[in-house]
Amino acid sequence: KGRGRQVIAVCKSADLLLMVLDAAKSHGHRDILTRELESCGIRLNKRPPNVYFKLKKTGGVSVTFMVSLTKVDEKMVHRILHEYKIHHCELLIREDISVDDLIDVIEGNRRYVKCLYVYNKVDVCSIEEVDAIARKEMSIPISCYQKLNLDGLLKRLWEEMALVRVYTKKVGKKPDFEEPVVLTPDRGGIDVGRLCDTVHRDMRKELKYALVWGRSSKHNPQRCGVAHELADEDVVQLVKKKNVITGELRGRFKQTSSAPLRISDREKKAKLKT
């Protein structure tokens, strides 16, 4: 069995797809696989259309064009909305889109994934064919039998996934360079706030500031907030607020005493009458 549903489910949840093709055969296999994935709602090497769409209960259809459209007109937009039985919505188009892009926005279940085309068996091709493959967009030639350009494939994977390794540091101790926290722009972002969410769910609320060493800082160390974007191999020290009461510890009773710390500042009680 081909396990088509399992393969499509993995493709929709992946950050990067590798489509391994045979360089010695025709390039029709690439078009066939691309059409198969697009029919399942996966868009390869595309970005979501810059279109705002919101359904409403009343008010009719409101369509606003911020740019001049060359591939579709207003009449076609209303006709497509009518086909989907949408009679009350707000549509704001900020770029020149096609009919397929508008349908993808209305459906709302499309997945936009990067895809790297890997052409294997380039050892049986001529130099001109290998050069033509290497000049294609999002394509890289390799040879598993001769072990050619495998290091280049690993480097290209790292660049396309844009992984950011962040090392944590405790107060007064050396950084931990053995187990970094891996962040990516496609899954939550690469800022200090995302790092706090990865460490603990309450760390963002308890964070006072963060000390950052690395390429993202203007000087070492730099005091930053949750909106500071991190770079690869940065060292971060998270400083928490003092006397922070989390949601798990909050209750009917006080966690801290309101009495003065010094004995001399305490209120003296009157002597008992005998």
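Can you compute the FRET efficiency between residue 45 and residue 258 using 1/(1 + (r/R0)^6), with r the Cβ-Cβ distance and R0 = 51 Å? Round to the nearest 0.05.
For R0 = 51 Å, the calculated efficiency reads 0.25.
For segment 224-242 and segment 103-118, what is the centre-to-centre distance using only Cα atoms, to the nearest Å?
33 Å
How would you classify segment 46-173 from its alpha-carbon gyration tensor, with a ≥ b ≥ c the square roots of the eigenvalues: rounded for a/c under 1.5, else prolate if a/b is greater than b/c, otherwise oblate?
Oblate shape, in that a/c is at least 1.5 and b/c is the bigger or equal ratio.
For the chain, calculate the relative contact order in percent as a whole number, restricting contacts to Cα pairs under 8 Å that are 6 or more residues apart.
About 15 percent, as a whole number.
Return the sequence-ordered ³J(HN,Hα) values of segment 158-170 in whole Hz as given by the Karplus equation 6.51 cos²θ - 1.76 cosθ + 1.60 applied to θ = phi - 60°, using x for Gly and Pro.
Per residue, the Karplus-derived 3J(HN,Hα) values read 5, 5, 6, 7, 6, 6, 10, 9, 10, 9, 8, 9, 8 Hz.
Sort 184, 70 from largest to smallest accessible area, using a 1.4 Å probe on the heavy atoms of the protein chains.
Correct descending sequence by accessible area is 70, 184.
Pairs 205/240; 56/85; 71/136; 218/241; 121/147: which are spaced more than 18 Å apart, C-alpha to C-alpha?
Correct reply: 71/136; 218/241.
Taking H as built 1.01 Å from N, whose amide H comes closer than 5 Å to the amide H of residue 228, not counting residues under 5 places away?
192, 193
How would 66, 203 line up by accessible area, probe 1.4 Å, largest first?
From most exposed to least exposed: 66, 203.
Alpha carbons only, please: Rg and Dmax for segment 134-215, in angstrom.
Reported Rg and Dmax, both Å: 17.8, 54.
Between residue 78 and residue 239, what is 0.36 nm times their sequence separation minus the Cα-Cα distance? Round to one decimal in nm.
Difference between extended and current length: 52.6 nm.
Kindly state, to the nearest 0.05, the FRET efficiency for residue 201 paired with residue 12, given R0 = 30 Å and r defined as their beta-carbon distance.
After rounding to 0.05, the efficiency reads 0.70.
Keeping all protein chains in position, work out how much accessible area residue 84 exposes to a 1.4 Å probe, and write it in Å² to the nearest 10.
Probe radius 1.4 Å; accessible area of residue 84 about 90 Å².
Put a dot 7 Å past each Cα toward the Cβ at residue 58 and residue 182; how far apart are the dots in nm?
5.2 nm
222 nm [θ] for the chain, helices only, -39500 (n - 2.57) per DSSP H run of 4+, per residue, to 500?
Only helices count here, giving -7500 deg cm²/dmol.
Once you sort the root eigenvalues of the Cα gyration tensor of segment 125-175 as a ≥ b ≥ c, which label holds: rounded (a/c under 1.5), prolate (a/b larger than b/c) or oblate (the other case)?
prolate
Residue separation times 0.36 nm, minus the C-alpha to C-alpha distance between residue 132 and residue 96: what's the value?
9.8 nm
Quick one: give the max-minus-min coordinate of the C-alpha atoms of segment 1-91 along each principal axis, largest first, in Å.
55, 29, 23
For residue 174, put the label point 7 Å out on the Cα→Cβ axis and report which residues of segment 196-220 keep their amide N under 19 Å from it.
213-214
With both partners inside segment 145-240, how many of the DSSP beta bridges are antiparallel, as a percent to the nearest 5?
Bridges in segment 145-240 are about 80 percent antiparallel.
Using mean projected area of the Cα convex hull in nm² as the read-out, say which of (1) 15.2; (2) 16.5; (3) 30.1 was calculated from these coordinates.
Computed from these coordinates, mean projected area of the Cα convex hull in nm² corresponds to label (3).
The values are calculated or read from the model by the stated rules, or taken from the named source; none is laboratory data. Nothing here was measured: the structure is a model prediction, and the numbers come from that model. Using ideal geometry, Cβ is built from the backbone for each residue, glycine included, and neighbour counts are taken over all protein chains shown. Ligands, DNA and RNA are stripped out before the accessible areas are found, and what is left, the full protein with its side chains, is counted by its heavy atoms. Shrake-Rupley method; radii C 1.70, N 1.55, O 1.52, S 1.80 Å.
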